[in-house]
1. Give the ranking of 4, 55 by solvent-accessible surface, highest area first, calculated with a 1.4 Å probe.
2. What distance in nm separates the two pseudo spin-label positions at residue 58 and residue 9, each 7 Å out from Cα along the beta-carbon direction?
3. Tell me which aspartates and glutamates have Cα within less than 14 Å of residue 3's Cα, excluding those fewer than 8 residues away on the same chain?
4. Between residue 24 and residue 65, what FRET efficiency comes out of the Förster formula 1/(1 + (r/R0)^6) with R0 = 25 Å and r the beta carbon distance, rounded to 0.05?
5. What are the ³J(HN,Hα) values, in whole Hz, obtained from phi via the Karplus relation 6.51 cos²θ - 1.76 cosθ + 1.60 with θ = phi - 60°, for each residue of the stretch 46-58 in sequence order, with x given for Gly and Pro?
Amino acid sequence: MLKLLFISLVSCLIIYIGKRVWKKGSTNFIAGYGKIFTPKDEKQLAKGIGLIIMLFGFETIIFPIALIWELKKKDPA
């Protein structure tokens with residue numbers, strides 16, 4: 001149960017980071033050897049990256065809970 005709590009806290013942190021990327025609206029990428037790439041539509045790119053990070057956080061919460069639920073369903077003792 002302590003593992004599930006830890007996983008949930010880490011997942012909430014991942015979701016929070018994704019939300020901050022989404023709200024910040026700017027992304028800079030290092031494109032190798034000290035060159036920084038700035039895309040044309042930064043806000044849209046930041047929203048996409050933030051959404052992917054948040055979805056990963058939700059996935060990180062859902063799958064361990066579903067696994068524990070399946071294990072308890074198989075062994076009701």
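1. Per-residue accessible area, sorted high to low, gives 55, 4.
2. 2.5 nm
3. Correct list for residue 3: empty, as no aspartates and glutamates qualify.
4. Numbers: r = 30 Å, r/R0 = 1.18.
That pair, residue 65 with residue 24, gives E of 0.25.
5. 5, 5, x, 5, x, 5, 5, 5, 5, 5, 5, x, 5
The values are calculated or read from the model by the stated rules, or taken from the named source; none is laboratory data. Given the structure is predicted, the values throughout are model-derived calculations rather than measurements. Neighbour counts are summed over all protein chains in view; Cβ atoms, including those assigned to glycine, are modelled from backbone coordinates with ideal geometry. Accessible surface is based on the protein model in full, side chains and every heavy atom, while ligands, DNA and RNA are left aside. Shrake-Rupley method; radii C 1.70, N 1.55, O 1.52, S 1.80 Å.
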